[in-house]
Amino acid sequence: MGWTEIVIQVTRAQAEAFSDALMEAGALSVSVEDADEGTVAEQPLFGEPGMEPAEAAWERSRVVALADVNANHAAIVADATKAIGLDYALPFALRPVEDQDWVRLTQSQFDPIHIGQRIWVVPSWHDAPEPDALVLELDPGLAFGTGSHPTTRLCMEWLEGNVTADIATVLDYGCGSGILALVAKKLGVPQVIGVDIDPQALESAAFNSERNNCEIDYYLPEAFARLYPESQTFGIVVANILAGPLQLMAPMLSARVAPGGSLVLSGVLDRQAEEVIAAYAPFIKLQVWAEHEGWVALAGQAAAV
């Protein structure tokens, strides 16, 4: 079986409805791109949780529909055009999709990642590069976190350098794939807990923990709060999220740090660092621990009793 991409340029107002109509008309999948990508007119689209763009589309949007190579491509476009109420034909172009071994192609794009002194993130189709390495076996998946992003790397490096034998508990808030929780557990922390708002992330984290033979408990925020009341604190609290949510959670996250314990935050751009530090100032004094590619990790210690 072969595939063909149908490429159509539409306006922002048409992009979402037309994409849905293409699926109804027989397209196998649809994506929307900036038609001005790579030019001075390119428009980045991004946002933090709760502040996402209203539409995942651009003033000049390029809709790319994947279809069977033998499908009636003109009919798919015509049916979709009619479905959204247009009385004129939309021009389209066809792009052949080269038949490849997609599994091998995807795997070739992900090599082991070396982080810190001895941490290696190793996909399942690779062997560990060093026999004495701290190895995390992780495949790219739906939940964020394979160590490739600067914020994840910063938190992993902090944990490697600061987890000591007397650390008994770690809370990974916003755990995603569970990669930071896994690092803490493999560094010898007896009790590690991960929390995330996304049930799919928790499934991914639980799968990764089982694969790595790590016993870690993962919870949605509501279940975590019910099972672990506010009096339950942790020797290290790490949260790799984004600056906006981190500022809102300052009282809650700070309260979870045990006396003398450490708080580590990332997902913060260097230009956002002072705002986040100010939000936590009433609770814990934070400072920039390290910076990488424009992102920072903030760290601080709670007052001892």
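Structure notes:
- The amide H of W58, built 1.01 Å from its N in the peptide plane, has no neighbour under 5 Å, considering only residues 5 or more places off or on other chains.
- Estimated FRET transfer efficiency when R0 is 51 angstrom, pair A93-A128 (beta carbons, to 0.05): 0.65
- Neighbourhood net charge (11 Å Cβ-Cβ; Lys/Arg +1, Asp/Glu -1) for P123: -4
- Most fluctuating residue given options Y219, Y88, Y173, as computed from a GNM of the chain linking Cα atoms under 10 Å: Y88
- Whole-number percent relative contact order across region 182-261, with pairs defined as alpha carbons under 8 Å at least 6 apart: 27 percent
- Computed [θ] at 222 nm, deg cm²/dmol, the chain (DSSP H ≥ 4; -39,500 (n - 2.57); rounded to nearest 500): -8500 deg cm²/dmol
- Most to least accessible of F92, F207 (protein chains only, probe 1.4 Å): F207, F92
- Extension reserve of the T164-E203 stretch, reckoned as 0.36 nm per residue once the Cα distance is removed: 11.2 nm
- With the charge dipole of the chain set up from +1 on Lys and Arg Cβ and -1 on Asp and Glu Cβ about the Cα centre, the Cα lying farthest toward the positive end among the listed residues A205, V122, Q191 is that of Q191.
- Across the chain, Cα pairs under 8 Å and at least six residues apart give a relative contact order of 13 percent.
- Net charge over other residues, Cβ less than 13 angstrom from the Cβ of F224 (K, R count +1; D, E count -1): -3
- Whole-angstrom gap from region 218-288 to region 63-96, using each part's C-alpha centre: 49 Å
- Across region 215-305, Cα pairs under 8 Å and at least six residues apart give a relative contact order of 28 percent.
- Region 113-206 shape via C-alpha gyration tensor axes, a/c threshold 1.5: oblate
- Across region 245-252, computed HN-Hα scalar couplings (Karplus, 6.51 cos²θ - 1.76 cosθ + 1.60, θ = phi - 60°) run x, 4, 5, 5, 8, 3, x, 5 Hz from first to last residue, x flagging Gly and Pro.
- Each peptide among 12-21, 257-266 gets the average number of other Cβ atoms lying within 10 Å of its residues, and from highest to lowest they stand as 257-266, 12-21.
- Estimated dipole of region 182-305 in Debye, rounded to 20 [Cβ of Lys and Arg +1, of Asp and Glu -1, Cα centre]: 340 debye
- Cα gyration tensor, region 207-305 - rounded (a/c under 1.5), prolate or oblate: oblate
The values are calculated or read from the model by the stated rules, or taken from the named source; none is laboratory data. What you are looking at is a predicted structure, and each value in this text was computed from that prediction instead of being measured. Methodologically, a virtual Cβ is constructed for each residue, glycine included, from the backbone with ideal geometry; neighbour enumeration extends over all protein chains shown. Heavy atoms of the whole protein, side chains included, go into the accessibility calculation; ligands, DNA and RNA do not. Shrake-Rupley method; radii C 1.70, N 1.55, O 1.52, S 1.80 Å.
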